Amino acid sequence: MFNLKRATSAVFACAVSLCIAPTSYGQTAASTPATGPNFVIGSVLDPNINLPLLVADQQGFFKQYGVPATVKLFPSGAEIVQAIAGGSIDFGATGGVPATILASKGTDVKLLARVADISYELALGTTKAANIRKPQDIQGKTVGMTSGTVSQYLVLAFAKHWGIPLDSFKRVNLGPADQLNALAGGSIDVVSVWEPFTSRLRDSGGIILQTALQSHWAGAEGPVKLVGDPGILFGKGSYLNASPATVHNLLRAVEAATRWIQSNPEKASDIGAKALNAPAASILALVKTKNIYFNFDQELVDQLTAETAFLQELGIVPKTFSPKDWIAPQFMKAVFPNLVTYKGP
């Protein structure tokens, strides 16, 4: 049975203090003293994206590299881009869609790095009571999604892939936790969520119908490619240009944290579990998929290009916008040139 209490266990936005002793974990690129002002990194609740930042904080990598950062968790990327546009934070860590929409509106933001690939975790889910057995059964149903995020992208890509008219089902804009609440209460029939909400749905007795990369439909099981979505780190161009040394040190700290996660998956999972009020075993299962990694690769730009084209097709992003308008591999090249495999300028 779908368990409401487990599915909707509260996760609140939180700020993370950085008064922690430095670690002796290996330094791969020489750092310089930070010169920039304090800044806030807004991150989504997805542990694949926020865990490198939480580890950089709690294992002392920010302090080691002189990074004057505070991490603040937000329920979704849509709220992070609003905070950046409003001037309350300077950096974001989200999926590709909300950041692309923000950049396409002319906001002065620049892409710094990939921190994860979150495609595998994006899921459409339901309950037995909704009686959805094949893709076409979604017609006449109500689907929850978080507008301005990959959640919306997944719903639209799903409909296009299976040839389902968009006007044949109702879409409502809800945050991921509210989607699970609404699904449990019966006011919606399908959710479109990401981690940790995908795991909460599954662990609470919900049914995963489809992920961005895998169909679970009876008779149509197998790999698909609805959405390719990177977890990314980006910042305001004004800060990057004024304090490049601090940005370089931020990249050093996140890279070191990523390697620490790979070497210490259980300890890293405990950090994520505490921050997200989630079972450590669930976080560890995500870490073990090895989708947390740090680079600026060609696939990153290819995924953003595909997302941009889809959003342009729907009229969400201007036709004149290009991902090359906001990518900034030069910061990564300055400290980790071996991690930059993007072939462009």
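The values are calculated or read from the model by the stated rules, or taken from the named source; none is laboratory data. Note that the structure is predicted; figures quoted are calculated from it, not measured. Neighbour counts are summed over all protein chains in view; Cβ atoms, including those assigned to glycine, are modelled from backbone coordinates with ideal geometry.
Brief remarks follow.
- Helices (runs of 4 or more DSSP H) contained in region 101-218 and holding at least 3 residues over 30 Å from ASN295 (Cβ atoms), hydrophobic (A, V, I, L, M, F, W, C) and touching a helix residue (DSSP H, G or I) at 6+ places or on another chain (Cβ under 9 Å): 176-185
- Looking only at residues of region 300-345 that are of a type in the set (S, T, N, Q) and within 29 Å of LYS160 (Cα to Cα), we find that the one that is surrounded by the fewest Cβ atoms within 10 Å (Cβ to Cβ) is THR320.
- Exactly one residue out of ALA278, ALA268, ALA273, ALA257 is under 19 Å from the mean Cα position of the chain (by Cα), outside any helix (DSSP H, G or I), crowded, with 17+ Cβ neighbours inside 10 Å and among the aliphatic types (A, V, I, L, M), and it is ALA278.
- Within region 262-275, residues that are touching a residue at least 24 places away in the same chain (Cβ under 8 Å) and not assigned by TED's automatic domain parsing to the domain that holds PRO196 have Cβ atoms under 8 Å from residues that are of a type in the set (Gly, Ala, Ser) and not in a helix (DSSP H, G or I) in these pairs: GLY272/ALA278, counting only partners at least 6 apart in sequence or on another chain.
- Test: residue in region 235-249 that is crowded, with 18+ Cβ neighbours inside 10 Å, touching a residue at least 40 places away in the same chain (Cβ under 8 Å) and farther than 30 Å from GLY60 by Cα: no
- Within region 245-287, considering residues that are in contact with a strand residue (DSSP E or B) (Cβ under 9 Å, 6 or more places away or on another chain) and among the charged types (D, E, K, R), the one farthest from GLY66 (Cα to Cα): ARG259
- Matching entry among ASP178, ASP203, ASP189 (being farther than 20 Å from LEU226 by Cα and in contact with a Ser or Thr (Cβ under 6 Å, 6 or more places away or on another chain)): ASP189
- Selection status of ASP297, in contact with a Lys or Arg (Cβ under 7 Å, 6 or more places away or on another chain) and either surrounded by 14 or more Cβ atoms within 10 Å (Cβ to Cβ) or among the aromatic types (Phe, Trp, Tyr) (or both): yes
- Residue check: VAL193 meets all listed conditions (1) hydrophobic (A, V, I, L, M, F, W, C); (2) in contact with a Gly (Cβ under 8 Å, 6 or more places away or on another chain); (3) outside the structural domain of ALA328 (by TED's automatic domain parsing); (4) surrounded by fewer than 24 Cβ atoms within 10 Å (Cβ to Cβ) but one, namely (4).
- Among residues of region 102-118 being buried (at least 22 other Cβ atoms within 10 Å of the Cβ) and small (Gly, Ala, Ser), the one that is nearest to VAL340 (Cα to Cα) is ALA113.
- Test for SER151: is it within 19 Å of ILE101 (Cβ to Cβ) and surrounded by fewer than 20 Cβ atoms within 10 Å (Cβ to Cβ): no
Rundown of residues vs (1) of a type in the set (Gly, Ala, Ser); (2) over 21 Å from the mean Cα position of the chain (by Cα); (3) assigned to a helix (DSSP H, G or I), yes/no style:
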| position | (1), (2), (3) |
| --- | --- |
| ASN295 | no, no, no |
| ALA306 | yes, no, yes |
| PRO318 | no, yes, no |
| LYS324 | no, no, yes |
| LYS333 | no, yes, yes |
| PRO345 | no, yes, no |
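- Which listed residue is surrounded by fewer than 24 Cβ atoms within 10 Å (Cβ to Cβ), at pLDDT 95 or above and among the aliphatic types (A, V, I, L, M), from ALA99, ALA83: ALA83
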